[in-house]
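What follows is a set of notes on a single structure, which appears directly below.
The values are calculated or read from the model by the stated rules, or taken from the named source; none is laboratory data. Please read all numbers here as calculations on a predicted model, not as lab measurements. Note: ideal-geometry Cβ built from the backbone for every residue, glycine included; neighbour counts use all protein chains shown.
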Amino acid sequence: MPVGFGCFYAFFVFALNFEASIINEENKPVAFLAVILALLGLVIYLYIGKWLYKSYIFVPQILGVIFISAVLSLPAIQIVTNIYDSYSKYYAKHHKDKYITDLQTRFANEIEPLEIDLKKSNYETLYHRDKRVYLTKTNDQKLTVEEIDKVISSLPMANIQISITIYYLNIIDSSQERFHLLLSQDKTPTTLCETRNNDDYELLCSRYVMEAYSKQNNLEK
């Protein structure tokens, strides 16, 4: 079974890295290395069998087991993934993250005209296992850097990255205009900043991205 799984994984990696695959061409060496290691493991596996039984009589059976286990590996992986995903969703729905629940007190009257969606923030935080803060504007005015700064300054530091998502028009819908910024554990902006249009990127993201690059350059010096 382990050998079969190894062969299947090698084939899977190779397929994803070959020609017009979804993985960058620069990763092709990884695919070829995976295939070589799988074939090497298979040869050693068969050699050990021959050494133990003094015969190649079991080779067809061994190859059959490898083929069957390789074919069954994908559905087995999918089943395990689905089980884990279901558990994660259940856990996120029935538990509370202290970091997120404490934000209600921290944000009180501090981030107006923005409001935190505690339910969505708590669920996404527990499901994805990082800190995800979702906010909406309570008016139809343009989002400003000052409002974003108020959110960042009110956030406590965390033991993991912090994601901020602000929906502009008090509508929590990924199709609506929104601002997204990823912070490090100490609340320092990272280079990951997204908005729905170029004008907002220049108004909102440019500053935080430049700050992130500036910090990186200082650390490299």
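Details
- Close contacts from region 96-118, counting a first residue that is over 22 Å from residue 168 (Cβ atoms) and among the hydrophobic types (A, V, I, L, M, F, W, C) and a second that is part of a loop (DSSP other than H, G, I, E, B) and at pLDDT 95 or above, with Cβ to Cβ under 8 Å and a gap of 6+ residues or different chains, come to none at all.
- Meets criteria (more than 19 Å from residue 188 (Cα to Cα) and either modelled with pLDDT of 95 or more or buried (at least 18 other Cβ atoms within 10 Å of the Cβ) (or both)) for residue 100: no
- Filter result for residue 126 (in contact with a strand residue (DSSP E or B) (Cβ under 8 Å, 6 or more places away or on another chain), surrounded by 13 or more Cβ atoms within 10 Å (Cβ to Cβ) and not acidic (Asp, Glu)): no
- Selection count, region 50-97, where residues are outside any helix (DSSP H, G or I), closer than 30 Å to residue 126 by Cβ and among the polar types (S, T, N, Q): 0
- Residue in region 147-158 that is touching a residue at least 40 places away in the same chain (Cβ under 8 Å), outside any strand (DSSP E or B) and either among the hydroxyl-bearing types (Ser, Thr, Tyr) or in contact with an Asp or Glu (Cβ under 6 Å, 6 or more places away or on another chain) (or both) present: yes
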